[in-house]
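Take a look at the structure below.
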Amino acid sequence: MAILMIAEVEGQTPEKYDAMLAQMGEPMRKAKGFISHLAGPTEDGGWRVIEVWETKEDATRWFAEAVHPNLPPGVKPRRAFHEVHALVER
């Protein structure tokens, strides 16, 4: 069953996020197990990223190989994983 990954990213700005997405969006679409990605600002000035992956291992591999090496200095996302019970797509 798919998993939901929620990352809270303190210190992230829309500009920094947009730059990362421009660099990593297409490779993420092609990553093993990737299903969807959503992101937006939080109430406290940070950033929230929500992704759906086929497995936690797929999500963890993507983060370790692609995201972590490209994070701006000092940015350390707090990630949590949750089992997906249902996924409805258009």
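The values are calculated or read from the model by the stated rules, or taken from the named source; none is laboratory data. Worth saying up front: this structure is predicted, and the values here are computed from it rather than measured. Using ideal geometry, Cβ is built from the backbone for each residue, glycine included, and neighbour counts are taken over all protein chains shown.
Out of the residues in region 54-74 that are at pLDDT below 95 and assigned to a loop (DSSP other than H, G, I, E, B), which is surrounded by the fewest Cβ atoms within 10 Å (Cβ to Cβ)?
Ranking the qualifying residues of region 54-74, first place goes to Pro73.
Can Lys32 be described as touching a helix residue (DSSP H, G or I) at 6+ places or on another chain (Cβ under 6 Å) and either among the β-branched types (Val, Ile, Thr) or in a loop (DSSP other than H, G, I, E, B) (or both)?
yes
Are there any pairs with C-beta distances below 6 angstrom linking a residue in region 25-42 that is touching a residue at least 24 places away in the same chain (Cβ under 8 Å) and of a type outside the set (Phe, Trp, Tyr) to a residue that is surrounded by 13 or more Cβ atoms within 10 Å (Cβ to Cβ) and in a helix (DSSP H, G or I), with the two at least 6 apart or on different chains, and if so which?
Listed by first residue and then by second, the contacts come to Ala31/Trp62; Lys32/Asp58; Gly33/Asp58.
Within region 32-48, restricting attention to residues that are surrounded by 16 or more Cβ atoms within 10 Å (Cβ to Cβ) and over 19 Å from Val88 (Cα atoms), which residue is nearest to the chain's Cα centre (by Cα)?
Checked region 32-48; the qualifying residue nearest to the chain's Cα centre (by Cα) is Arg48.
A quick yes/no check of all residues on (1) among the polar types (S, T, N, Q); (2) at pLDDT below 95; (3) over 22 Å from Val84 (Cα atoms); (4) in a strand (DSSP E or B):
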{"site": "Leu4", "(1), (2), (3), (4)": "no, no, no, yes"}
{"site": "Glu8", "(1), (2), (3), (4)": "no, no, no, yes"}
{"site": "Gly11", "(1), (2), (3), (4)": "no, yes, yes, no"}
{"site": "Glu15", "(1), (2), (3), (4)": "no, yes, yes, no"}
{"site": "Ser36", "(1), (2), (3), (4)": "yes, no, no, yes"}
{"site": "Ala39", "(1), (2), (3), (4)": "no, no, no, yes"}
{"site": "Glu43", "(1), (2), (3), (4)": "no, yes, yes, no"}
{"site": "Val52", "(1), (2), (3), (4)": "no, no, no, yes"}
